[in-house]
Amino acid sequence: MAASGKRRRRSISLYRRILSYFIAIEIVCLTVFGCVLMYFVAGDWSDEQKKALLDCAVGISDRYENILKQDGTSYSALCYSLLSVSNTTDADIFITDTEGNVILCGEMAETVDTEENPQVCDTHKAMKIPGEIYTSVLADGTMATVGDFGGLLGEDCFVSASVAQKDGEAYGIVFAIQSSRVGLRPYLVRFFRIYFLSAMGLLVLTSLLVYVASYNITKPLREMVEATKRYAKGDFSYKINVNNKSRTVSEFYELSVELDSMAEDLEALENSRSNFVANVSHELKTPMTTISGFVDGILDGTIDKEHENQYLKIVSEEVKRLSRLISSMLNMSKMEAGQLKINPVKFNLTQMILGIFISFEQKIEAKSITVKGLDYLLSVYIEGDEDMISQVFYNLIDNAVKFTDEDGEISVDMSTDGEYITTSIRNTGKGIDEEDMSHVFERFYKGDKSRSLDTKSVGLGLFIVKNITELHNGEISVNSVSGKYTEFTVKLKVKLIGS
């Protein structure tokens, strides 16, 4: 119960984690984008301010030049213009001579035409424009920059300047100075407020969309978790709903399909194991009952002396049957654990096959089976584990004899391409149904026809045959036509052709 609760908390945390990750990423992206945007907006605003301030300076310098042409008779109007423009733009606008000394400012508007020697205000009286600045302005004619005048202003300001001329020569310089904090801060505050409200609206909207999207994305995962819980309890009937939404995410779709396929395989394996347990239980119980009954009959005298040998032969056959069953199960376990090792030697494959057919001579004659092709077999040597290869062909020939009808036929064919030897064993009979063809090499598998004709088999023979063949880097295949024949083909690597 604790483990189940822990898994449930993990699935919820995954769902929330997707949402929280996206929100965190979106906040970071919006913050970075806002900072970059604010940087460029501030830069554009600064350029516009410098241009506007320069236009003011140029306009004042034009008026100053007009006054100079009239021999400076209307300085009062110019000072009023300086005062008006300064108040309108929150800038400090004044005029200097060509050596950087302030000669006119807005504070002189009421005194410049009434006093004989009007003086500039105390603020501008103490101001001396650094030489490198007015020299630069005189050389270029105008200036628009940001600076503190070499520390004169105490802070970075927008500085624009324009030269006023008289008779074609520089006579004075109009300076317009505005603090960079004036206007920029309120502008950025307004910009930030608009951007913040827009970003928050976008964040809320996208969060809702991601909430829905992440819920739909994790829905297949929740179904898969439910499926694995069912499978863990042995319920393989649960199918994952692979809808159109999960199809759009290829990984989820593929995982859903694979889980469904795994469930089918597990169900088939479980059924095979159940059948195997039932078969093995039956196969063990029947001979053990037979052996016990006959041995007890001999010991207590129920079976007379004349029939003892007859029943002891039956007991011997049942013991061998148990031995084969146990041997097959041990081999199967070693194969699955990868512990079955081959001991390769060079041997004559043809002689081995002929010897196996001779061992089945009595059974062949008892069913009046005709064997064809033995006289035309090649004399072929291969390298492999002789006992294992013998088990392969023993099982195949045993099956051929077992499932061939009375007066039927077994044919053997052998061919080579110089690198591989291909051996086919075909027997007439009822064959294998098409639906059983893909399962004949599976462990524990027994088709219905096989079950009715071969009561001593538990479905391990062909599984072992296939694994032994693959251990030798060979191939085995089956071909059958229901009601006509069954043919097994084994392909092994040739060691040497000829004796």
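Quick one: is residue 103 in contact with a Gly (Cβ under 9 Å, 6 or more places away or on another chain), over 30 Å from residue 192 (Cβ atoms), outside any helix (DSSP H, G or I) and open to solvent by less than 30 Å² (accessible area, probe 1.4 Å)?
Considered against the rule, which asks whether it is in contact with a Gly (Cβ under 9 Å, 6 or more places away or on another chain), over 30 Å from residue 192 (Cβ atoms), outside any helix (DSSP H, G or I) and open to solvent by less than 30 Å² (accessible area, probe 1.4 Å), residue 103 comes out as no.
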So residue 260, is it modelled with pLDDT of 75 or more, farther than 30 Å from residue 468 by Cβ and loosely packed, with under 15 Cβ neighbours inside 10 Å: no
For the stretch 231-254, which residues satisfy the criterion of being surrounded by 15 or more Cβ atoms within 10 Å (Cβ to Cβ), in a helix (DSSP H, G or I) and either aromatic (Phe, Trp, Tyr) or modelled with pLDDT of 75 or more (or both)? 231, 252, 253
Is it the case, given these coordinates, that residue 164 is closer than 15 Å to residue 103 by Cα and open to solvent by less than 10 Å² (accessible area, probe 1.4 Å)? yes
Just to be sure I understand the filter: pairs with C-beta atoms under 9 Å, separated by 6 or more residues or on different chains, first member in the stretch 355-380 and farther than 12 Å from residue 401 by Cα and touching a residue at least 24 places away in the same chain (Cβ under 8 Å), second member part of a loop (DSSP other than H, G, I, E, B) and open to solvent by 30 Å² or more (accessible area, probe 1.4 Å). Which pairs pass? 379/499
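Would you call residue 67 part of a helix (DSSP H, G or I), modelled with pLDDT under 85 and among the β-branched types (Val, Ile, Thr)?
The answer is yes for residue 67.
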Run down 99, 115, 110 and say which single residue is of a type in the set (D, E, K, R) and modelled with pLDDT of 80 or more. 99
Restricting the stretch 188-230 to residues that are of a type in the set (S, T, N, Q) and either more than 30 Å from residue 264 (Cα to Cα) or not in a helix (DSSP H, G or I) (or both), the residue that is farthest from the chain's Cα centre (by Cα): 198
Those residues that are open to solvent by 30 Å² or more (accessible area, probe 1.4 Å) and more than 11 Å from residue 18 (Cα to Cα), I need them from the stretch 201-211; list them, please. 201, 202, 204, 205, 208, 209
State which residue pairs qualify: first residue more than 14 Å from residue 159 (Cβ to Cβ) and inside the stretch 73-99, second residue open to solvent by 10 Å² or more (accessible area, probe 1.4 Å) and of a type in the set (Lys, Arg) in any location, beta carbons under 8 Å apart, and separation of 6 or more residues or different chains. 78/63; 81/63
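Open to solvent by 20 Å² or more (accessible area, probe 1.4 Å) and part of a helix (DSSP H, G or I), is that true of residue 181?
no
The values are calculated or read from the model by the stated rules, or taken from the named source; none is laboratory data. Please read these numbers as outputs of a predicted model, since none were measured by experiment. Quick reminder, even Gly has a Cβ in these numbers, built from the backbone with ideal geometry, and neighbours come from all protein chains shown. Surface accessibility is based on the protein's heavy atoms, side chains included, excluding ligands, DNA and RNA. Shrake-Rupley method; radii C 1.70, N 1.55, O 1.52, S 1.80 Å.
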